[in-house]
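The values are calculated or read from the model by the stated rules, or taken from the named source; none is laboratory data. Note that the structure is a prediction, hence the values are computed from the model and not measured. As a convention, Cβ positions derive from the backbone with ideal geometry for all residues, glycine included, and neighbour counts pool all protein chains shown. What goes into the accessible areas is simple: the full protein's heavy atoms, side chains included, and nothing from ligands, DNA or RNA. Shrake-Rupley method; radii C 1.70, N 1.55, O 1.52, S 1.80 Å.
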Amino acid sequence: MVSLSSYLILSAILFSVGVVGFLLRRNIIVIFMSIELMLNAANLAFVAFSRFLDSMDGQIFVFFVMAVAAAEAVVGLAIIMAMYRVKETVNADEMNLMKW
Amino acid sequence: MFETFLFVLLAVVTTIAAILVIVQRNPVASAIYLIITLFCLAGIYLLLSAPFIAVIQVLVYAGAIMVLFLFVIMLLNLEKEKKLIYRNRLQKVLGVFLGGVLLAQIGMIFSSVLLEGSKGKFPAEKVAALGNTEVVARLLFTDFLLPFEIVSVLLLVAIVGAIVLAKKQI
């Protein structure tokens, strides 16, 4: 039987990898993928707790998180496409139209 | 024993693939490694006796969302971006350092907090007897009906938003 803490440690590792990717990469699509990694880490923690606390609420929550992630990916990628049309770049440092 | 072996295998592959996602220069390779990560996570959900979530993970994440990512990567011309090398050493060192600090903090929280709580109404044997998908569906359409409807509105808003943003002139 695998313990709850091993699942949580895997979730923590995935989340940290996502954070590091978010901080290091400048390609906005890879930054987006890092966000997906972090969402998946949270999902893993939800499902692990749901299994070890004998409750189904965690799995229902994961369902909603996935729906929100899908909506977020669709709108975010559409924004990236619109941005690429204006600036011809996917470099996050050059996307500074709203910066004073 | 077999479960532990399977968990270690899936966890190692997940971690390595996740690290490869963020170190790959080519975004297409990043996307492929992210798909591997998501598939391994689906396997871990199966180990956690959540088959419905595992199938949804493969369908929605590895299927729909990643196809969307690859589609956008193919639509954009990223050859110029690939050649750019960002030489900001301080940022890299600081980013990895902060990631390590975050991991240590989360680990400390997990080791210091009691991870037990009052048990819920659905032990694994009961869920297995009823059928995981059936239990999830029953809860979604009774206790969680309002959030479920709100999510459908959210998805509609996302569709409209994507179509508006994809217009030639915003």
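Details
- Among the residues of the range B:19-32, not a single one is over 26 Å from A:Phe22 (Cα atoms) and touching a helix residue (DSSP H, G or I) at 6+ places or on another chain (Cβ under 6 Å).
- Among residues of the range B:15-30 being more than 7 Å from chain A (Cβ to nearest Cβ) and in a helix (DSSP H, G or I), the one that is farthest from A:Met66 (Cα to Cα) is B:Val23.
- Residue count for the range B:144-167, restricted to those that are modelled with pLDDT under 90 and among the charged types (D, E, K, R): 1
- Residues located in the range B:99-108, provided they are hydrophobic (A, V, I, L, M, F, W, C) and closer than 16 Å to A:Leu14 by Cβ: B:Leu102, B:Leu103, B:Ala104, B:Ile106
- The listed residue being within 25 Å of B:Ala54 (Cβ to Cβ), part of a loop (DSSP other than H, G, I, E, B), among the basic types (Lys, Arg) and over 22 Å from the mean Cα position of the chain (by Cα), out of B:Lys126, B:Lys168, B:Lys119: B:Lys119
- A:Ala42 being small (Gly, Ala, Ser), touching a Phe, Trp or Tyr at 6+ places or on another chain (Cβ under 9 Å) and without any contact (Cβ under 8 Å) to a residue 12 or more places away in the chain: no
- Under the condition of being more than 7 Å from chain B (Cβ to nearest Cβ) and open to solvent by 30 Å² or more (accessible area, probe 1.4 Å), the residues counted in the range A:69-91 number 6.
- For the range A:1-37, the set of residues classified as closer than 25 Å to A:Leu77 by Cβ and outside any helix (DSSP H, G or I) consists of A:Arg25, A:Arg26, A:Asn27, listed by residue number.
- When the criteria are applied in full, A:Gly21 meets the requirement of being of a type in the set (Gly, Ala, Ser), without any contact (Cβ under 8 Å) to a residue 60 or more places away in the chain, facing chain B (nearest Cβ under 8 Å) and touching a Ser or Thr at 6+ places or on another chain (Cβ under 7 Å).
- Residue selected from the range B:95-133 under the condition closer than 20 Å to B:Leu47 by Cα and hydrophobic (A, V, I, L, M, F, W, C), by the criterion farthest from the other protein chains (Cβ to nearest Cβ): B:Ala129
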